[in-house]
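Accompanying notes for the structure given below.
Bear in mind these aren't lab numbers, they're just calculated from the coordinates by the rules spelled out. Small disclaimer: the values here were computed from a predicted structure and weren't measured. Neighbour counts run over all protein chains shown; Cβ positions are idealised from the backbone, glycine included.
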Amino acid sequence: MRIADKFNELTRRDEGAMIAYVCAGDGDTPGIVHTLVNAGADIVELGLPFSDPVAEGPTIQASIQRALENGMNTDRYFAMVKDLDVNIPLLVMTYYNLIFKRGLKKFTADCRDSGITGIIVPDLSMEESGDLEDCCIDNEIDLIYLVTPVTKGERLDSIISRSSGFIYLVSRLGVTGARDDVASSTNELINRVKTDIPKAVGFGISSKEQAVEIRKGGADGVIVGSALVDIIGSGKDVTKRLDALVRQIKSGLK
Amino acid sequence: MKNSSKGKFGQFGGQFIPEVLMPAHEELEAAYEQWKNDPRFIKELNYYRRDFAGRPSPLYYARRLSKKYGHKVYLKREDLIHGGAHKLNNTLGQALLAKYMGKRRLIAETGAGQHGVATAIVGANLGMTTQVYMGAKDMERQRMNVYRMELLGAKVIPVTSGSQTLKDAINEAMRDWVANVEDTHYLIGSVVGAHPFPSIVRDFQSVIGIEVEAQIMEQEGRLPDSIIACTGGGSNAIGIFYPFIDNTEIDLFAVEAGGAGMQSTKTAALHSASLCIGEDGILHGARTKILQDPYGQILESCSVSAGLDYSGVGPQLAYLAQIKRIKPRTASDKETLAAFHELSEIEGIIPALESAHALAYLAKAADKGELGEVVVINLSGRGDKDLESVLKLEANK
C-alpha cells in the first residue's frame with residue numbers, strides 16, 4: 001500500500017498515524033509485525049540492520065546487533081518481507097551503504113517486488129540523495145526525508161519540495177531512544193514545516209500522553225521505535241506488551 | 001535529480017550524514033572559508049605551531065639507515081612535535097577554528113590515543129572542555145595515553161559498542177555531536193568524514209609537506225624521488241604528499257597495515273588495507289574505499305598499531321589511488337615490528353608502530369629500484385606509547 005493512501009484513509013477517519021519501527025531479524029519479525037498491525041499500527045518501518053548505525057541510541061543499536069548476529073542480511077530481508085501478509089504501507093529503514101552496495105536500481109526494484117513503498121535513510125543528506133530519489137520514482141516508492149530542529153530556511157524549503165509520502169520530523173537533537181516528555185522544540189518544528197504532505201514526529205516517543213500532545217500540536221502521526229524495541233529486547237511477554245503499547249499510543253491519536 | 005558535487009574528489013567524498021549534522025557542516029565550511037586566509041587567524045596558528053608545538057620539525061638525514069639500504073633516506077621528524085606525533089598539527093588548527101566560531105566544547109574520537117592526547121592538549125591550552133571517545137579495547141591497549149588525556153583534563157569515554165575500536169569511537173562521537181551540535185565542535189582526527197573535514201584536516205596537515213619541500217631543497221638542492229608514509233585514515237600521508245601532488249616525478253607510497261594477512265573472516269579483515277583491496281562504499285559520511293562484506297556491512301579491521309586499525313581511508317586518498325597518483329602498499333605486523341627494532345637500534349629513534357609501517361616498506365622495496373635515490377619517510381610519531389604492547393606481543397611469541 002502507498003503511504004499517501006493510508007494517510008488519506010486516516011484523514012477521513014480524523015486519526016493520526018501510528019508508525020511503528022522494529023528491526024528485522026531481532027526476534028520473530030513476521031509475528032511481531034502482525035502483532036503491531038493487529039494492535040492498530042498504521043505503517044510499519046522495518047529496519048534493515050547495518051553494522052555502524054550512527055543515528056541510533058543504545059536500545060536500537062543493541063537490537064541491530066542482535067539481528068546481525070541472527071544472520072539477517074539484505075537477501076533474507078527481502079525474502080521475509082515478501083512473505084508478510086499485511087495490508088498497510090511497509091517501509092524500509094536502513095543506512096546508505098547497504099543500498100549502495102546492492103545497487104540503487106536493484107535495491108529499489110527489490111523494494112517494489114517485496115511490497116515496500118517507502119525508504120528512510122538516516123545518513124543520506126539531500127545533497128547525496130538525487131540518484132536514489134530517481135530510482136524511487138521509477139519504482140513508485142517514497143523517499144522519506146528527515147528534518148530536525150536545526151533544519152531551517154532554504155534548506156527546509158528544499159527538503160519539503162523534494163518530499164513525498166510523509167516528512168519525518170526529528171523531535172529533538174540527538175539519537176533515537178525512548179523519552180517521557182515532548183521536547184519544547186517539537187511544536188515549534190511542526191509549525192515551521194509548512195506543507196500539505198503529512199508530518200510524522202519521531203525520536204523519543206513512547207507514550208499516549210506524548211502522542212496526544214504531538215497530535216494537538218498539528219502533526220499527522222508519530223513514529224515509535226525504541227519503546228517497542230525495548231520490549232522485544234527484554235524477551236518478556238513480548239506479544240502482549242507490544243499489543244498494549246501500540247493500542248495505548250494509537251488511542252491518543254484518535 | 002543530480003547529486004551535489006560539493007566536497008567530491010572524483011567519485012569519492014561528499015556528505016553522507018544525518019540531516020541534523022548538515023547545518024553544523026555548513027557552518028564549519030563557512031567559518032573555515034572565512035578564517036583560513038585571515039591574517040589574525042594565520043598569525044595565531046603560526047604562533048602556536050612554532051612556540052607551542054615546536055615546528056618546524058627537523059628533516060633528518062638517517063645516515064646509518066641510508067647506508068644499510070643504499071638510498072639517501074630522510075626522516076621527517078613529526079615524532080618530535082609536542083605530544084609525540086603529527087596529530088597536533090590538526091588539533092591546533094581545528095581547535096583554534098572552533099574557538100573563532102565561538103564553540104566551547106571539543107569532542108574527539110581516538111584509536112591509538114594520539115589524536116585524543118593531541119585534542120586534550122589543545123583543549124587544556126585553549127581552555128575548552130574536552131571529551132574523547134575511545135574504544136574499550138583500545139583503552140586497554142593504550143593505557144598510558146588514557147592517563148595522559150585524563151592528566152590533561154579531558155574526559156575519556158569508553159565505547160563498548162560494535163568492535164570497540166576506532167570506527168565505533170567515530171560513531172559515538174558523531175552521536176554526541178548530533179545531540180550537542182550547537183556548542184560543540186567535533187574535532188575529527190583524520191582526513192575522513194563528510195565534507196569539509198577531509199579538506200580541512202588535509203590543509204592543516206600540509207604543513208608537513210610544505211616544510212619538507214624547503215628542507216630537502218636546502219639539504220639536497222633537489223626534491224626527493226619518493227615519499228613514504230603510513231596510511232590508516234591517512235592524515236600524515238596526505239599531509240606530506242599534498243604539496244607534491246602536481247609534481248608527478250615524485251613517487252608517493254601510502255603504506256597500509258597488512259596486519260596478520262590479507263584475508264578476511266565473515267565479520268573481520270585480518271588487515272586494514274582499504275586502499276589496497278577495499279571496495280567503494282560509504283562510511284562515516286564519505287564515499288571512499290572501505291572494508292565490507294558482500295552486503296555492505298563494515299568489516300572490523302586489524303593491525304598491530306591501533307592508529308592504522310580502521311576500515312576506511314580518506315576519500316581524497318581513495319581518489320589519488322584510483323587515478324594512480326599514489327601507490328598503495330602494505331607492510332605486515334611482522335615486517336613492522338622488525339622495522340620498529342631496526343630504527344631504534346641503528347638510528348637511536350624509537351618510532352611509533354604506525355610510522356614503522358612506512359619504515360618497513362623501505363626495507364621491502366629497497367632492492368626493487370622503485371624508490372629512486374632520495375627518499376623521504378614521514379616519521380609520524382614516536383614509539384613510547386607502544387612499548388607496553390610490543391613487550392606483550394614479544395613475550396607471547
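Observations, loosely collected:
- Antiparallel DSSP beta bridges within chain B, percent to nearest 5: 30
- Selected from B:120, B:214, B:273 as most flexible by GNM, with chain B as the system and alpha-carbon contacts under 10 Å: B:214
- Counted over the protein assembly as shown, the DSSP beta bridges are approximately 20% antiparallel.
- Cα gyration tensor category, rounded, prolate or oblate, for segment B:65-156 with a/c compared to 1.5: oblate
- The protein assembly as shown - mean residue ellipticity at 222 nm from DSSP helices (-39,500 (n - 2.57) per run, n ≥ 4, rounded to 500): -13000 deg cm²/dmol
- In the elastic network of chain A, a GNM with C-alpha springs shorter than 10 Å, the most mobile of A:154, A:69, A:127 is A:127.
- The mean number of partner chain beta-carbon atoms within 10 angstrom of a residue's beta-carbon across peptide A:97-104 is 5.
- Rounded Å value of the spacing that divides the Cα centres of segment B:364-388 and segment A:44-123: 45
- Distance from the Cα centroid of segment B:260-298 to that of segment B:56-75 is 34 Å (rounded to whole angstrom).
- Residues with amide H under 5 Å from that of residue B:330, placed H, sequence gap 5 or more: B:256
- In plain terms, the residue of B:20, A:212, A:182, A:229 with the fewest other Cβ atoms within 10 Å comes first and the most crowded comes last, giving A:212, A:182, B:20, A:229.
- Options B:338, B:259, B:212, ranked by Cα towards positive dipole end of chain B, top entry (Cβ charges): B:212
- Shape class of segment A:96-237 from the Cα gyration tensor (axes a ≥ b ≥ c, square roots of the eigenvalues): oblate, since a/c reaches 1.5 or more and a/b does not exceed b/c.
- Of B:6/B:87; B:364/B:392; B:6/B:324; B:67/B:289, pairs whose Cα-Cα distance is over 31 Å: B:67/B:289
- Computed magnitude of the charge dipole of segment A:140-254 (debye, nearest 20; Cβ of K, R +1, Cβ of D, E -1): 200
- Here the residues A:6, A:236, A:152, ranked from fewest to most Cβ neighbours within 10 Å of their Cβ, fall in the order A:236, A:152, A:6.
- Rounded, prolate or oblate (a/c below 1.5 giving rounded, otherwise prolate when a/b exceeds b/c) for segment B:286-397 by Cα gyration tensor: oblate
- If R0 is 56 Å, the Cβ-Cβ spacing of residue B:391 and residue B:101 corresponds to a FRET efficiency of close to 0.85.
- Under the criterion of Cα pairs below 8 Å and six or more residues apart, the relative contact order for chain A equals 24 percent.
- Antiparallel bridge percentage (DSSP; both residues within chain A; nearest 5): 0
- Whole-Hz ³J(HN,Hα) from phi, Karplus 6.51 cos²θ - 1.76 cosθ + 1.60, for segment B:62-72, glycine and proline x: 8, 4, 6, 5, 4, 4, 4, 9, x, 10, 8
- Comparing B:255, B:178, B:117 in a Gaussian network model of chain B (Cα springs below 10 Å), the most mobile by mean-square fluctuation is B:178.
- Under-5 Å amide H pairs with residue B:268, H placed in peptide plane, nonlocal only: B:300
- Here the residues B:240, A:43, ranked from fewest to most Cβ neighbours within 10 Å of their Cβ, fall in the order A:43, B:240.
- Close amide H contacts of residue B:227 (hydrogens built in the peptide plane, cut-off under 5 Å, sequence separation of 5 or more or a different chain): B:251, B:252, B:253, B:376.
- Value of relative contact order over chain B, rounded to a whole percent, pairs C-alpha under 8 Å and six or more apart: 19
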